[in-house]
Amino acid sequence: MTQKSVASSVYEWVDERLGLSELVAFARHKTVPVHSQTFWYYWGGISLFLFLVQCFTGVLLLVYYRPGAEAYESVRQITFVMHFGWLIRSAHSWSANLMIFSIMVHMFSVFFMKAYRKPREFGWLSGMALLGLASVFGFSGYLLPMDELSYFATKVGLQIPVAIPFVGAAIANMLRGGPEVSEFTVQRFFALHVVVLPALFLPLLGFHLWLVQRHGNAAPPSVEALPPEQRKSMPFMPNFLRKDLAMWLISLNILALLASVFPWTLGKPFDSLAPAPAGIHPEWYFMSPFEMLKLLGFVFSGKYAEFGEIAGILLFSLGIMLWVLIPFYDTRKPTGQRARATHYFGLLAIFALLATTILGYWTIR
Amino acid sequence: MNYPFWEIPFLGSGWVIGIIAIFHVMISQFAVGGGLYLPMAERKAMRMTDPETRAAWLKQLASHSRFFLVVTAVFGTVSGVGIWFAIGLTHPEATSTLIHNFVFGWAMEWVFFLVELATVAVYYYTWDRIDPKLHLKVGWVYGVASAFTLIIINGILAFMLTPGDTWIAVAGTGQEASKFWNAFFNPTYWPSLLLRTCVCCSLAGVWALITSSRIDADKQPALKTSMVQWSVKWLVPSFVAMPFLMIWYYMMVPASQQALLTLGIDTINAGTFSAVTRMALVIIITSATIVGVAYYLAYRNPLDFNLSHAMAVLLLALIATGAGEYSREMLRKPYVIGRWMYSNGVRVPSVARINQEGYLTHSNWVWSGSDSSYSRGEAIFRGECGSCHTMDGYRPMRQLLAGRDRANIGSFVLMLHDYKPDMPYRRFMPPMVGTQQDVNDLSDYLNFQVNPPAAPRVLTAQK
């Protein structure tokens, strides 16, 4: 048998059992709309790529990381002793941040293209859940090196759940494994970070991707309003896929550049008795909620302070609820026009996020 | 020590050279590569049998050559002059050595440079005006002249990293110029020349991709396909030969400098310490991406290849070039001219004399007004450390010394002064030269900056 016929008979054998050719036929028919905003379609793919990088580098870090009392020492070894350990660690940290950034870009582009409307409600909901999980990934991962900064930032971060009435303190204690951030906290966060969160994230991601395959990319309302003969599209295979992969490659380059030119450093080992160093602040993606709560704390100071915290949490939860539930009240209009009100809600959300984040960084100093 | 110190706060003077140089290298290597690309492409077009494709190719080449003329003859020359200003101010001592040692080399360089400029102008303005064969000849003259500018400057650049034993033996005797050819064909001359030639060819290809990506695929699909594919081929030699050339180059560099590369494999240390390794990684990954994009997006699918793809490739090429030049600079530390002159302009053999007679005694441009320990320390800092460190910006002293007290700073400076053979900082820092008094003055100044006294600022030393 020639090489070619071996390959094709292997393919046939597998195809008979798994139905590969259906998949191929499906992929061949899938198209992606082409319009002035096609650029934003790439961000979901970029997020996926960065997640894959996280899995790969995460597993490598897992090989040497030891949670608990030796956490700091093991990260020190990874950073300073293992060959290229610093690179893997830097890539993991940078890619985590870039992933959350690109998920946010993806979310806002979906929002403004109104891609959450029927039949894509589940896509939006699962996407929001993925973003939520990603930020918990970030929060739990941040503590793992147990250096000074991560220790105090986590300590401050765990103050937020405390503000929840009745159950807040209990939740915080459960996360900490005691009244203080300690070795037990690292152990718990580690379990969360490498077992619980992936176990939730992966099936959800699968569901999200399946939905995307099922419904395809949504075109923005302005394009949908066009008569069919004026809408342009390109085949997913191979045109869009090729461009998608090019984007992945560019993301990889940016990641490599950041990780090797600005390697993630390691601070001093934490010392729970030392005073908190100046300028402790949460990671950038938590800056906005952190700052909003702080602002509300100012508004209701003195004896209303406690009330202010509760009000803050309530207000915040309400805002998030409104955001998550958007597909259910911004439904498809018969004219295909966009709804102005939600559009402004989106702009307001971006403005609030940016303003509070900038204010947060401004006031650290 | 015959020149004033040039202080650039925050950025550091090294970066002024760096920024201009990366820009200049990118353009001048494109000028050399393009010098080969243009006549080769023109010759290929002239041999085409189909008159229509031939005319389309020539038209495309004429427009590419306009772009080429503007980029190389305007931006290339201006940035080249910029480098002279920058190195003259930052490394006056080294610049003087290079000029004196290579008088004849510079003369040749400028002759070829003038020929290059004249022919590129003639080449551009005579499309369709003179006999095509003569026009092609002008192109070849340009190509040869620009190749020679590289062949010559490469000798001088490589000399700075590896001057070679023969030259070192006569350095400082006044007979340096007698070893001109030894200094010129120094140990890294050939690997460096071949490396740079490869880079030139790929840059010619990359820039040609930019102009050919703009051909309208709907109107001229055949032209776009052939132009894009032919331009991609210019990237091939580099990517085949580059890894081997880099290894060869690396082998020719002194062992103490090689150590800088392996240093970064297993440690990031405080900062730029392991920069060479990290830059090497950047070069590898960007080059691999360029290959990928050039093959899949350009060669396999030339009609879909658009300007933004081409810009992405250009950007990656810029990053790779920048990283390459940066690592070459880092490899040279702590010298500006290998084994002969430290980055701060101190000649290796004069260290003992300065240690005896004092650093400031030999600095002719230090103010003589206030003579406090503080201001003497500041002058020493500017002169000896300022070429690599700033107070708050690049390699910031305040940050690098944070947490150390006066005694600790003093012993650090003393360690730099004693420069024992096993001191780890020898790999990238020159010795601190001067008398015991100088050591104290510098330590006082640094201590004052790092641990400012709470009282209002005074300009006298706190002894």
key: Between the stretch B:318-359 and the stretch B:234-254, the alpha-carbon center distance in angstrom   = 25 Å
query = Kirkwood Rh, Cα Rg: Rg to Rh for the stretch B:68-132?
reply = 1.14
request  = Translational diffusion coefficient, Stokes-Einstein: compute it for the stretch A:88-137 using the Kirkwood radius over C-alpha pairs as Rh, at 10 °C and 1.306 mPa s, and state it as an integer in µm² s⁻¹.
outcome  = 136 µm²/s
request  = Return one number: the angle in degrees, 0 to 90 and rounded to the nearest 10, between the long axis of the Cα atoms of helix B:275-292 and the longest principal axis of the Cα atoms of chain B.
outcome  = 10 degrees
ask   = Using the C-alpha atoms of the stretch A:90-226, what convex hull volume per residue, in cubic angstrom, is computed?
value = 135 Å³
remark   = From the Cα centre of the stretch B:193-231 to that of the stretch A:210-236, the distance in Å is 34 Å
inquiry  = Using a Förster radius of 45 Å, what is the FRET efficiency between residue B:437 and residue A:187 based on their Cβ-Cβ separation? Nearest 0.05, please.
reply    = 0.20
request  = Compute the accessible area of each residue in the stretch A:76-93 twice, once for its chain alone and once with every protein chain present, using a 1.4 Å probe on heavy atoms, and list those whose area falls by at least 50 Å².
outcome  = A:80, A:84, A:86
inquiry  = Can you report the principal axis dimensions of the stretch B:37-176 using only the alpha carbons, biggest first, rounded to whole angstrom?
reply    = 65, 28, 22
ask   = To the nearest 10 Å², what's residue B:286's accessible area with a 1.4 Å probe?
value = 0 Å²
ask   = Of all accessible surface on the stretch B:127-229 at a 1.4 Å probe, what whole percent is carbon and sulfur?
value = 61 percent
inquiry  = I'd like the Karplus ³J(HN,Hα) series for the stretch B:414-425: coefficients 6.51, -1.76, 1.60, θ = phi - 60°, whole numbers in Hz, and an x wherever there's a Gly or Pro.
reply    = 5, 5, 5, 5, 5, 6, 5, x, 9, 6, x, 5
inquiry  = Could you work out [θ]222 nm for chain B from helices alone, using -39500 (n - 2.57) per DSSP H run of at least four and dividing by all its residues? Round to the nearest 500 deg cm²/dmol.
reply    = -21000 deg cm²/dmol
remark   = Counting only residues 5 or more apart in sequence or on a different chain, those whose built amide H sits under 5 Å from that of residue B:126 are none
task = Could you state the angle between the C-alpha long axis of helix B:189-213 and the longest principal axis of the C-alpha atoms of chain B, as a value from 0 to 90 degrees rounded to the nearest 10?
result = 50 degrees
inquiry  = Restricting to DSSP H runs of at least four residues, report the calculated mean residue ellipticity at 222 nm for chain A, -39500 (n - 2.57) per run over all residues, nearest 500 deg cm²/dmol.
reply    = -22500 deg cm²/dmol
query = What accessible area per residue, rounded to a whole number of Å², is obtained for the protein assembly as shown using a probe radius of 1.4 Å?
reply = 50 Å²
Folded to 0 to 90 degrees: helix B:92-101 orientation relative to chain B principal axis, Cα = 60 degrees
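Let me know the whole percent of all Cα-Cα pairs from the stretch B:330-396 that are separated by more than 13 Å.
For the stretch B:330-396, the share of Cα pairs beyond 13 Å comes to 69 percent.
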note = Looking only at lysines whose Cα falls under 19 Å of residue B:137's and that sit 8 or more positions away or on another chain, we get B:44, B:59
Cα-based Rg and Dmax for chain B, where Dmax is the largest Cα-Cα distance (Å) = 25.5, 87
query = So how much accessible area does residue B:246 have, in Å² to the nearest 10, using a 1.4 Å probe?
reply = 80 Å²
ask   = If you project the alpha carbons of the protein assembly as shown onto the principal axes, what extent comes out on each, in Å, largest first?
value = 86, 86, 57
query = Cα centroid distance between the stretch B:109-128 and the stretch B:146-165, in Å?
reply = 23 Å
ask   = Residues with amide H under 5 Å of residue B:341's amide H, sequence separation 5 or more or different chain, H placed in the peptide plane at 1.01 Å from N; which?
value = B:336, B:348
request  = Kindly provide the Kirkwood hydrodynamic radius of the stretch A:221-321 in Å, to one decimal, from all pairs of distinct alpha carbon atoms.
outcome  = 19.8 Å
request  = Considering Cα pairs under 8 angstrom that are at least six residues apart, work out the relative contact order of chain B and quote it in whole percent.
outcome  = 19 percent
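Send over the per residue convex hull volume for the stretch B:13-252, Cα only, as a whole number of Å³.
Numbers: hull volume 30.6 nm³, N = 240.
Convex hull volume per residue, Cα atoms: 128 Å³.
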ask   = Could you give the nm distance between label points at residue B:100 and residue A:229, where each point is 7 Å from its Cα heading toward the beta carbon?
value = 8.2 nm
ask   = In nm, what is the difference between 0.36 nm times the number of residues separating residue A:295 and residue A:171 and their Cα-Cα distance?
value = 42.3 nm
request  = Under 22 Å Cα to Cα from residue A:30, which lysines show up? Leave out anything in the same chain fewer than 8 places away.
outcome  = A:114, A:118, A:232, A:243
task = Could you size up the charge dipole of the stretch B:18-123 around its Cα centre, putting +1 on the beta carbon of Lys and Arg and -1 on that of Asp and Glu, and report it in debye to the nearest 20?
result = 380 debye
query = What list of ³J(HN,Hα) values in whole Hz, one per residue of the stretch A:185-196 in order, does the Karplus curve 6.51 cos²θ - 1.76 cosθ + 1.60 (θ = phi - 60°) give from phi, with Gly and Pro shown as x?
reply = 5, 4, 4, 5, 4, 5, 4, 4, 5, 9, 10, 5
remark   = Computed ³J(HN,Hα) along the stretch B:142-158: with the Karplus parameters 6.51/-1.76/1.60, θ = phi - 60°, integer Hz and x for glycine or proline, the list is 4, x, 5, 4, 6, 4, 5, 4, 5, 4, 7, 5, 4, x, 6, 5, 5
request  = For the protein assembly as shown, give the share of DSSP beta bridges that are antiparallel, in percent and rounded to the nearest 5; count only bridges with both residues there.
outcome  = 90 percent
ask   = What shape does chain A take by its C-alpha gyration tensor, where a ≥ b ≥ c are the square roots of the eigenvalues and a/c under 1.5 counts as rounded, a/b above b/c as prolate, and the rest as oblate?
value = oblate
remark   = Sorted by chain and number, the residues with a modelled amide H under 5 Å from that of residue B:390, at a separation of 5 or more or across chains, are B:397
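The values are calculated or read from the model by the stated rules, or taken from the named source; none is laboratory data. Since the model is a prediction, treat every value here as computed from it, not as a measurement. Every residue, glycine among them, receives a Cβ derived from its backbone with ideal geometry; neighbour counts consider all protein chains shown. With ligands, DNA and RNA removed, areas are computed over all heavy atoms of the protein, side chains included. Shrake-Rupley method; radii C 1.70, N 1.55, O 1.52, S 1.80 Å.
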